[in-house]
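Everything below concerns the one structure shown next.
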Amino acid sequence: MFKGRHFDQSVILLCVRWYLAYGLSLRDLKEMMAERGISVDHSTIHRWVVHFSPRLLERFNQRKRAVTSKWHVDETYIKVRGRWMYLYRAIDSVGDTVEFWFSEHRDLPAAKRFLRKALQRHGRPDRIVIDGSQTNREAIISCDAESCLRDRSRRALKTISIRNSKYLNNRIEQDHRRIKRRVRPMLGFKSFRAATVTLAGIEMVHMMRKRQSRFAFNPAPTLKEQFEAIAA
């Protein structure tokens, strides 16, 4: 993953981890590296984040533990170049992140793309809680029907139960806040692509803090240890 890079792997991982995990700007990281005798431009750190975040997430997902069969689905707002875009998210009944999807639009096709991704990766849940969104309800019904049609087990599949409840969906609203808390100091993204890969990295760190990955050698690894393990 790091072959041919001018900087050592430990420096790259440190900058990527600190940027994704804490309320630091790229220029903050540049100054912090300079204090350690490492001269690196803030634009280089940004390129590291954009390049390595999706690769690290892919490796993390290989270790990700299974989620429960009860999901909470909702979307939140993220600003890109002064325009609001939408981060679709799902967590399970114990608060673990199921899936996420960043979209320029908040509509039925976007909701379907998100749910197809979640169903393909995690299978069909027994129940999904939503906050009353008719679009999300239609997307669940449509994707559930598609999933049943693709199933080749020849067994009768129970349809996914949909529950409308703003009160029950407070769980995912609280989870949104942890993502928004890290995004806020960034003062908005400059491009959709940069936002997509950076949010993927932030979601990965959030899952790491929830201990959603399996590490046989250490049941309670730190963020640093998890980054080093998936980058090895």
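Since every read-out is calculated from the coordinates, none of them should be taken as a lab result. If you're wondering where the values come from, they're calculated on a predicted model, not measured in any experiment. Cβ coordinates were reconstructed from backbone atoms using ideal geometry, including for glycine residues, and neighbour counts include every protein chain displayed.
Within a 10 angstrom radius of the beta carbon, how do Cys15, Cys143, Cys148 rank from fewest other beta carbons to most?
Details: Cys15 26, Cys143 22, Cys148 14.
With the fewest neighbours first, Cys15, Cys143, Cys148 line up as Cys148, Cys143, Cys15.
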Simple SL model, points at 7 angstrom along Cα→Cβ for Lys190 and Thr68; separation in nm is 4.2
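From the alpha carbon gyration tensor of the range 151-232, can you work out the equivalent ellipsoid semi-axes (sqrt of 5 times each eigenvalue) and give them in Å, largest to smallest?
Numbers: eigenvalues 166, 109, 50 Å².
Semi-axes from the Cα gyration tensor: 29, 23, 16 Å.
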Once every Cα of the range 61-194 carries one equal point scatterer and solvent is ignored, give the base-10 log of I(q)/I(0) from the Debye formula at q = 0.09, 0.12, 0.15, 0.18 Å⁻¹, two decimals.
-> -0.27, -0.48, -0.74, -1.03
Distance in nm between Ser93 and Asn61 label points, each 7 Å along Cα→Cβ, equals 2.5
In the structure displayed, which of Lys70/Lys117; Lys3/Lys30; Lys190/Lys210; Lys70/Lys210; Lys70/Lys224; Lys117/Lys180 lie more than 20 Å apart, Cα to Cα?
-> Lys3/Lys30; Lys190/Lys210; Lys70/Lys224; Lys117/Lys180
Which of Leu20, Leu187 has the fewest Cβ neighbours within 10 Å, and the rest in rising order = Leu187, Leu20
Which ordering of Ile202, Ile38 is given by a fewest-first count of other beta-carbon atoms within 10 Å?
-> Ile38, Ile202
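Within 10 Å of each candidate Cβ there may be at most 15 other Cβ atoms; applying that plus a DSSP loop requirement, which trypsin sites (Lys or Arg not before Pro) in the range 42-104 survive?
Values: sites: Arg47, Arg55, Arg59, Arg63, Lys64, Arg65, Lys70, Lys79, Arg81, Arg83, Arg89; in loops: Arg65, Arg81.
Hits after loop and neighbour filter: Arg65, Arg81.
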With a Förster distance of 30 angstrom and the Cβ-Cβ distance between Trp18 and Ser39, calculated FRET efficiency to the nearest 0.05 equals 0.95
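Among the trypsin sites (Lys or Arg not before Pro) in the range 169-217, which ones are in a DSSP loop with at most 13 other Cβ atoms within 10 Å of the Cβ? Mind listing them? Spell out each step's value before the answer.
Numbers: sites: Arg171, Arg177, Arg178, Lys180, Arg181, Arg182, Lys190, Arg193, Arg209, Lys210, Arg211, Arg214; in loops: Lys190, Lys210, Arg211, Arg214.
Counting only loop positions with at most 13 other Cβ atoms within 10 Å, the trypsin sites (Lys or Arg not before Pro) in the range 169-217 are Lys190, Arg214.
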Given the candidates Val94, Ser142, Val80, the one whose Cα lies deepest towards the positive end of the charge dipole of the range 70-189, counting +1 at each Lys or Arg C-beta and -1 at each Asp or Glu C-beta, is Val80
Could you run the Debye sum over the Cα atoms of the chain, one equal point scatterer each and no solvent, and tell me log10 of I(q)/I(0) at q = 0.09 Å⁻¹, two decimals?
-> -0.41
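With +1 on each Lys and Arg Cβ and -1 on each Asp and Glu Cβ, how big is the dipole of the chain about its Cα centre, in debye rounded to the nearest 20?
Working: 47 positive and 24 negative charges, 71 e Å.
Dipole magnitude for the chain comes out near 340 debye.
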